[in-house]
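The values are calculated or read from the model by the stated rules, or taken from the named source; none is laboratory data. Source: prediction; values computed, not measured. Using ideal geometry, Cβ is built from the backbone for each residue, glycine included, and neighbour counts are taken over all protein chains shown.
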Amino acid sequence: MPHASVRASALSILGLLALSAHTAHARPPAVPAERASNPGVGVVAAVPRDAEVSPDRARQRWRAQRDAVAGEAAARRALGEDFAGSWIESGPGGGYRLIVASAGAARTNVAGVEIRPVARDWRRLQASKQHLDQALQSRRPGLHKPLTGLYTWHVDPASNRVVVRIARDAQAQAVDFVAASGADADALRFEYLDGAPQTTNWIFGGLSYITAYGGGCTAGFVAYKAGVPGVVTAGHCGKAPDRIDVDWSGIGRTPFGEFVHSRFPTADRGWIASSSSFAVSPQIYDWAGNYITVKGSIEAPVGATVCRAGPKTGYRCGQITAKQVTVNYPQGAVYGMTESNACSGFGDSGGPWIDGGGQAQGIQSGNQGNSSAGHNCDAPAAQRKSWFDPLNSILGEYGLVLTTG
């Protein structure tokens, strides 16, 4: 499609679509003891508080989430190339159900799954997103103006479009970028996001671990590499061979280890090899005196409930709202992020995301920054955005083995 035609099509989207508006300390623990609690203990309190649902509704969502992994796999096999994404949504009777989108004309039945017809298949949507990613990757500092008003984009299976989130004053910039990218403008939907993406590391020391630059981040999941123990964390928290210290109550400031792997931007992941003076355990601390056992890393679907832990905001839960999100941070874009409406704050970077069954999901990266409080927990759940780097991709890239219990 010619540049002018794409630009006109994109302008018509901006003119016809209503852009939806998104507004965008606990004491550090002693070295964890070798004990574990039921992952559901913290979730029982956190999900109703953070997701703004009743305890009964939270339990219904968990049941749907458990069944969704097998249901999606069966639907993928049945639909083949017609598969166009999946998500969990609230049903008319008050329960939750797995929806799988199909771009095919043939009727397909999968037990426990509602098949919903859509216009665009997954490959077409992913191709449009890839055009945007490639256009962003091709930009060079000094040659191109910074895309300060374009924040995130991802494939949204529920709307069967690529959702592009922008600042309220960035419409013209967004249209020009889309037109130059060659993306299918008819497959896009624009939304306003109040608050630019920001990484959630802290600028002062004294939190979960202290970076080489005096900042603070949070340890994620314990993982081994070639027999050496360490923790997965965020890449923006340090780079090899940065030394990491901890300053926990009872032990004082102590060397913890050093960064061996780190990648940021493009992704937001790293691995710190721990020193021999620290015992490692397949648990995460919920900042309320409990320890949650990590049991695996089965990826949860869109709509699933997940929780995260960190020193700034404690143990917080929400739903997965999008996957494969491109987030355009001021320091550079990251790709393949998962998005949730659980809140997060400065100092939480690098911390763990986990579901109620103990399945590790990812590593905290950032959120939309629109609060002077240093977190987005004061925003309604529907307006919160936090992003994490999926764990399984990190384990594969660095050759790590997750520690489970």
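ASN328 passes every criterion in (1) farther than 24 Å from GLN60 by Cβ; (2) touching a Phe, Trp or Tyr at 6+ places or on another chain (Cβ under 8 Å); (3) in a loop (DSSP other than H, G, I, E, B) apart from (3). Show the residue pairs meeting these rules: Cβ distance below 6 Å; 6+ apart or different chains; first residue within region 55-74 and closer than 14 Å to VAL306 by Cα; second residue part of a helix (DSSP H, G or I). Within 6 Å, the pairs are ALA58/VAL47; ALA58/PRO48.
Filtered by the rule that a residue be in a loop (DSSP other than H, G, I, E, B) and at pLDDT 90 or above, region 229-251 gives ALA234, GLY238, LYS239, ALA240, PRO241, ASP242. Of the residues in region 309-316, not one is farther than 19 Å from SER208 by Cβ and at pLDDT below 95. Inspect region 255-269 for any residue being over 30 Å from ALA73 (Cα atoms), at pLDDT below 85 and in a strand (DSSP E or B) and give the result as yes or no. Checked region 255-269: no residue is over 30 Å from ALA73 (Cα atoms), at pLDDT below 85 and in a strand (DSSP E or B). Yes or no: ALA212 under 30 Å from ALA373 (Cα atoms), surrounded by fewer than 19 Cβ atoms within 10 Å (Cβ to Cβ), touching an Asp or Glu at 6+ places or on another chain (Cβ under 6 Å) and hydrophobic (A, V, I, L, M, F, W, C)? Considered against the rule, which asks whether it is under 30 Å from ALA373 (Cα atoms), surrounded by fewer than 19 Cβ atoms within 10 Å (Cβ to Cβ), touching an Asp or Glu at 6+ places or on another chain (Cβ under 6 Å) and hydrophobic (A, V, I, L, M, F, W, C), ALA212 comes out as yes. Is it fair to say ARG139 is surrounded by fewer than 20 Cβ atoms within 10 Å (Cβ to Cβ) and either closer than 29 Å to ARG66 by Cα or over 24 Å from the mean Cα position of the chain (by Cα) (or both)? For ARG139, the condition - surrounded by fewer than 20 Cβ atoms within 10 Å (Cβ to Cβ) and either closer than 29 Å to ARG66 by Cα or over 24 Å from the mean Cα position of the chain (by Cα) (or both) - is met. For region 215-228, a tally of residues being modelled with pLDDT of 90 or more, in a strand (DSSP E or B) and either farther than 15 Å from GLY399 by Cα or not aliphatic (A, V, I, L, M) (or both) returns 3. Selection of region 321-364 for residues being charged (D, E, K, R) and under 30 Å from LYS145 (Cβ atoms) yields LYS323, GLU339.
Restricting attention to region 151-176, and to residues there that are of a type outside the set (Phe, Trp, Tyr) and in contact with a helix residue (DSSP H, G or I) (Cβ under 6 Å, 6 or more places away or on another chain), which single residue is surrounded by the fewest Cβ atoms within 10 Å (Cβ to Cβ)? Result: GLN171. When each of GLY366, GLY347 is tested for being buried (at least 24 other Cβ atoms within 10 Å of the Cβ) and assigned to a strand (DSSP E or B), the lone residue that passes is GLY366.
Within the option set ASP169, ASP176, being part of a helix (DSSP H, G or I), among the acidic types (Asp, Glu) and out of contact with any His (no Cβ under 8 Å at 6 or more places or on another chain) holds for one residue only, ASP176.
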